[in-house]
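Only one structure is covered here, and it is reproduced in the block below.
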Amino acid sequence: MQLLREKILTQGKTLPGNILKVDSFLNHQIDIDLLNEIGKEFRTRFQGKNVSKILTIEASGIAVAVIAAQYFNVPVVFAKKTVGKNMDKAVYIGSVYSYTKAQQYNILVSKEAISQEDNILIVDDFLANGQAILGLKEIIDAAGANLVGAGIVIEKGFQKGGRRLRDSGINIQSLAIIDSLEENKIVFRNE
């Protein structure tokens, strides 16, 4: 998606440790016009998949998922990282390892939010090692629902997550795949 690539090149910043900082338009300050184009692109890429719900993890994926959902005309469900007093007791649980925080944590979705009748599209802002997608897939599998695929805004193609998920049969659609962030230079995969 050319508009996204241009935004990454002009406003993205590379940091030590293969980190791409895009908080000026994607996950801190949000460019709504860009997100609208991202939502339309996800709708095109998952056309005919009969998506009934979009699933993401709090917090950065929520904005992308909500904008995309308007083009599918479906609700958004987001997995919570902490249990609140108003959270249902009956939940599906997935496990996610965070490399940036170096810890394992559980994500939770109310059993009332998804069911075996659902065709679920996962939407998230980044894909690196694939742990978030695997944790959400645990929840989808526990509910007996159908995973139609995952729409990812930016994939770090130099990490193993995307390849591992695709090899396992998950339909991963990444709008921008970055093959390298070395020497402060962003190199996109030619698709």
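Every number in this text was worked out from the coordinates using simple rules, so none of it is lab data. In this text the structure is predicted, and so the values were computed from the model without any measurement. Neighbour counts are summed over all protein chains in view; Cβ atoms, including those assigned to glycine, are modelled from backbone coordinates with ideal geometry.
Matching residues to (1) part of a helix (DSSP H, G or I); (2) surrounded by fewer than 16 Cβ atoms within 10 Å (Cβ to Cβ); (3) in contact with a Leu (Cβ under 6 Å, 6 or more places away or on another chain):
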| residue | (1), (2), (3) |
| --- | --- |
| 24 | no, yes, no |
| 29 | no, yes, no |
| 33 | yes, yes, no |
| 44 | yes, yes, no |
| 51 | no, no, yes |
| 56 | no, no, no |
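Conditions first: (1) closer than 19 Å to residue 62 by Cβ; (2) free of Cβ contacts under 8 Å to residues at least 24 places away in the same chain. Residue 141 passes all but one, so which condition is the exception?
The single condition residue 141 does not satisfy is (1).
Here is a list of conditions, (1) of a type outside the set (Asp, Glu); (2) surrounded by fewer than 22 Cβ atoms within 10 Å (Cβ to Cβ); (3) under 23 Å from residue 3 (Cβ atoms), and residue 154 meets all of them except one; can you say which number that is?
(2)
May I ask you to list pairs of residues, at least six apart or on different chains, whose Cβ atoms are under 8 Å apart, with the first in region 23-51 being touching a residue at least 24 places away in the same chain (Cβ under 8 Å) and under 22 Å from residue 117 (Cα atoms) and the second being among the hydrophobic types (A, V, I, L, M, F, W, C) and assigned to a loop (DSSP other than H, G, I, E, B)?
Every condition considered, the pairs that remain are 51/74.
Restricting attention to region 152-191, which residues are under 12 Å from residue 126 (Cβ atoms), assigned to a strand (DSSP E or B) and small (Gly, Ala, Ser)?
Passing the criteria: 174, 176.
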